[in-house]
1. Out of everything in region 26-45 that is at pLDDT 90 or above, within 18 Å of Lys64 (Cβ to Cβ) and touching a helix residue (DSSP H, G or I) at 6+ places or on another chain (Cβ under 7 Å), what residue ends up being most open to solvent (accessible area, probe 1.4 Å)?
2. Within region 163-191, can you find the residues that are buried (at least 16 other Cβ atoms within 10 Å of the Cβ) and either at positive phi or without any contact (Cβ under 8 Å) to a residue 24 or more places away in the chain (or both)?
3. Taking the options Glu235, Glu259, Glu294, name whichever one is open to solvent by 70 Å² or more (accessible area, probe 1.4 Å) and farther than 30 Å from Ala331 by Cβ.
4. Within region 106-137, which residues are β-branched (Val, Ile, Thr) and open to solvent by 60 Å² or more (accessible area, probe 1.4 Å)?
5. For region 354-381, which residues satisfy the criterion of being in a helix (DSSP H, G or I), open to solvent by 50 Å² or more (accessible area, probe 1.4 Å) and either in contact with a Lys or Arg (Cβ under 9 Å, 6 or more places away or on another chain) or aliphatic (A, V, I, L, M) (or both)?
6. If you take the residues of region 73-104 that are among the polar types (S, T, N, Q) and within 18 Å of Met128 (Cβ to Cβ), which of them is least open to solvent (accessible area, probe 1.4 Å)?
7. When you scan region 38-133 for helices (runs of 4 or more DSSP H) that lie fully inside it, which ones turn up with 1 or more residues that are closer than 18 Å to Gly16 by Cα and under 37 Å from the mean Cα position of the chain (by Cα)?
8. What single numbered condition from (1) within 28 Å of Gln298 (Cβ to Cβ); (2) in contact (Cβ under 8 Å) with a residue 24 or more places away in the chain fails to hold for Gly336?
Amino acid sequence: SHRLVARVCGILNQHGWGDETVRALAGLNANLNAYQVNEILKQQKEAGVAYNFFIWARKQAGFKHDVHTYTTILGILGRAKSFDVLNNLLDEMIREGCEPNVVTYNRLIHCYGRANDLDSSLKLFNVMQMVGCEPDRVTYCTLIDLQAKAGFHDAAMDLYRQMQHAGFRPDTFTYSIIIHCLGKAGKLNAAYKLFCEMTDRGYAPSLVTYNIIIDLHAKAGKFDMALKLYSDLQEVGYAPDRVTYGIIMEVLGNCGHIEDAEQVFEEMERAGWVADNPIFGLMVDMWGKTGNAEKAAQWFNRMLDSGLQPNVPACNSLLSAYLRSSFYDAAGGVLGGMAKWGLYPTLQTYTSLLSSCAACRAAWEYDALFGLMGGTGHPAHPFVCSLLASGEMVVGIRCFFDAMQFEELESRRGFADSLIDFLHRAGKAVAAGSVWEVAAEKNLYPNAVREKAPQYWSINLHVMSTGTALVALARTLAMFAEAVVRTGAAPYRIDIITGWGRRSRVPGASLVKQAVEGMLRSLNSPFHLDGLNVGCFVGQGPALAEWLKMVPLDLHQHHQGKFA
């Protein structure tokens, strides 16, 4: 049997599929059974050859495909994304009385998921249950993995709960996925609890699991815990990989220990790991954020010396480092280098320049930066120019933001924040307000204005630049004032949060808080600082209601910027 399988595979590998292949197979004078056909199919790399052999086998006297051969060919066709042929064979399989089993459905679910067709994967999951084929642990684990990788963490968690209800325990791989999902949902404590449960149940966390839980703590600012888990990882016998080293370097950088991060980099190289673009880009970014453009440039050049071609994120990090130090000629050199390397400036590239332009103090700096913005060739620049020239209507602003919908959320929010700040400082109050209105409509600031309880509102400004915070506050207060005039009903309480209160980890004075305080004072508002949270201004009761009746409905036009 083994020799016959090897001979058939040799024929298929040598000739592919054609008349010569059919003659060679006929010359074997051997009757293949379903087991042998299945073994031959498993060894085929070309979907077309496998499919034609499957059809040929079906025509042989006395041969009948079984659930195993159908499952194998369906998996091959699915990997090749030949879904029309796959569906025809699946229909044929059922007509022939060969019912798909759980392995068949698992294979199909995985194939559709790899093709980013999650709807079909879930449809198959429902169909198999309707026809009485119970999902197994592989079914649930596959679907959980597909949903998580697609970013549908809530759906992954729902499937995890179904899996538990069905009596299946996750394996190490699935534990890792669910821990990641919980962390992405902001449930760090639950993620760590599951990590502990995993070890208590005798499942040893893999290096990937450790990397996930360390990264979640790092991104949540829990740096001490991230370093403890890094120590635990080594104590149980794992050697860090490049991902681990990168996470720990970022943790040390965020703690202000960039020299220690450099030592970890050297340790990584001694361990045999070769630094890639993201690692070098991280070092460039960390030094740039300290204002040390020279060190940032040294790391960028070290990346070049290693033989790597820069990517856009690394170039953006170096560009930001030069902009922080007002090295505008060097910043222009980065843009020129990107063109030489065949790299195109991204929205983040343009946002860095726009943000620096908004913050500059002299007219010559403004001119230099505005010239660099135009030199990027990014479509955001003509849009910004139109806002400066005519103010642009909300419809036009909405169209531009619709065109940006495929950019990452943080990139869109960063651009909107820098643009509103820029327009505010340039004295374009109406345009700035219109951009804020569209940004809020597009849910770029989902927690900026919300009703905490009936007639109790919060205005959260702590993630915004100074200009954006003032524009958002003016627009929101004007909205409340208009509602009071229209309905006669006023909020009982409004909290204005600048983020510089009891939960803030940032020491010193807040420019946002100072600007908000100045604005409220100029309006003779009844807002006062919360005694427990010095970053929160509170207005409430009859005094708030009376004051809102006097707030100008065009309040957002009363605050002009420095270039007015």
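The values are calculated or read from the model by the stated rules, or taken from the named source; none is laboratory data. Everything numeric in this text was worked out from a predicted model, so none of it was measured. Glycine also receives a Cβ, built like all others from the backbone with ideal geometry; neighbour counts cover every protein chain displayed. We work out accessible area using only protein heavy atoms, side chains counted, and drop any ligands, DNA or RNA first. Shrake-Rupley method; radii C 1.70, N 1.55, O 1.52, S 1.80 Å.
1. Glu39
2. Answer for region 163-191, where residues must be buried (at least 16 other Cβ atoms within 10 Å of the Cβ) and either at positive phi or without any contact (Cβ under 8 Å) to a residue 24 or more places away in the chain (or both): Lys187, Ala190.
3. Glu235
4. Correct list: Val131 only.
5. Residues satisfying the conditions are Ala359, Ala363.
6. Applying the filter and picking the extreme gives Thr104.
7. Details: elements: 47-58, 67-79, 83-95, 102-114, 118-130.
So the answer is 47-58, 67-79.
8. Only one criterion is unmet by Gly336, namely (2).
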